[in-house]
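This report concerns only the one structure given below.
Just so it is clear, none of the values below were taken in a lab; they were calculated from the coordinates. The structure presented is a predicted model; accordingly, all values stated were derived computationally and were not measured. Note: ideal-geometry Cβ built from the backbone for every residue, glycine included; neighbour counts use all protein chains shown.
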Amino acid sequence: MIPQLFAALALQAAAEAPPPAPPMTLKAQTVRRYDGKASQGAAVGPNDVYAVSNFRLVRYDKKTGEQRAEWTGEKSRFPHINSCALIAKDLVCASSNFPATPHVSTVEVFDPMTLAHRRSVSLGLGTGSVTWVDRHDGFWWAMFANYDGKGGEPPRDHRHTTLVKFDDQWRRLEGWALPATVLDRIAPMSVSGGGWGPDGRLYLSGHDLPELYVMWLPIGGGVLDHLDTIAMDAEGQAIDWDESQPGMLYGITRRTKEILAMKVPTAGK
């Protein structure tokens, strides 16, 4: 009876254990570096590259790397612009009061040429600190980070990092958690960057590790599927896809504050 009991317990433990993380066999190729002096992330358009640094945005010419425009906001009002993306005719940025608590998140919209501030959407409190915003399949998508230490809001920790789907009026429709295979890699921090790739899959970056997590909405349940992990030179932080060049992803390296243009394998398919 005892052997059968141990066997049953072993089967139960195996069933409850999280699936192993996909092996990291691919790497994004860095094809260009811009001296952008970015501390939070990068954004990209057909002709421009943007450096994101808390309350400072800078636009550079994509071909020459020359600075074209700059915006510096009031630090008390814009303490932590974490990422931006060129969506339609707007530069749409995810902003929060990180590392302050309780978490307050907003979406800040700028003119993509002059970088003049156009409007703001307040997402309020209670979910976490918004780190990125994207437009996909007719909806708004945003990720809310939670942390174990600095910037955390107990009892939530990094495991409470959440992907949220919104309608055009920014009403919450659905939400998803991250699998253990990603949570174990980003702890004790959270997801800093993300966006829907040209292949229809969701790509996420953490806070520190030079890795890109390839995700998919689950067929059932409320936890995202982890499909692949791709190495890259960017050490986490905010990323943005170049829609004018499918498969090209822009990020930063905090060591030199450069903006990196990276070719991501499989993403262009």
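Consider a paramagnetic label point 7 Å from the Cα of Q245 along Cα→Cβ; state which residues of segment 41-65 have an amide N under 17 Å from it. Those under the cut-off are 42-51, 60-65. For the pair segment 168-225 and segment 45-86, the centres of their Cα atoms are 24 angstrom apart.
Note on segment 23-263: antiparallel DSSP beta bridges, both residues inside, total approximately 95 percent of the bridges counted. The angle separating the long axis of helix 2-16 from the principal Cα axis of greatest extent in the chain is about 10 degrees. Which of the GluC sites (Glu not before Pro) found in segment 47-138 are loop residues per DSSP with 12 or fewer other Cβ atoms within 10 Å of their Cβ? Of the GluC sites (Glu not before Pro), the ones in loops of segment 47-138 whose Cβ has at most 12 other Cβ atoms within 10 Å are E66, E74. Among the listed pairs K150/K257; K89/K165; K75/K257; K89/K150, a Cα-Cα separation exceeding 28 Å is found for K89/K150. For segment 68-76, the Karplus equation 6.51 cos²θ - 1.76 cosθ + 1.60, evaluated at θ = phi - 60°, returns couplings of 10, 7, 8, 10, 10, x, 6, 4, 5 Hz by residue, with Gly and Pro reported as x. Quick check: from the Cα gyration tensor, does segment 154-206 come out rounded (a/c under 1.5), prolate or oblate? Cα axes put segment 154-206 in the oblate bin. Here the chain is treated as a sphere whose radius is the Kirkwood value from Cα pairs; by Stokes-Einstein at 37 °C and 0.692 mPa s it diffuses with a coefficient of 174 µm²/s. Peptides 122-129, 40-47 ranked from most to least packed, by the mean per-residue count of other Cβ atoms within 10 Å: 40-47, 122-129. Helix-only arithmetic for the chain: the sum of -39500 (n - 2.57) across DSSP H runs with n ≥ 4, divided by the residue total, places the mean residue ellipticity at 222 nm at -2500 deg cm²/dmol. Each residue in T106, T30, T25 was given a count of other beta-carbon atoms within 10 angstrom of its own, and listing them fewest first yields T25, T30, T106.
Working from label points 7 Å from Cα in the Cα-to-Cβ sense, the V31 to K75 distance is 3.9 nm. Relative to the Cα centre, the charge distribution of the chain, modelled as +1 at Lys and Arg Cβ and -1 at Asp and Glu Cβ, gives a dipole magnitude of about 500 debye. For the peptides 131-140, 146-155, 189-198, the ranking by mean Cβ contacts within 10 Å, running from highest to lowest, is 189-198, 131-140, 146-155.
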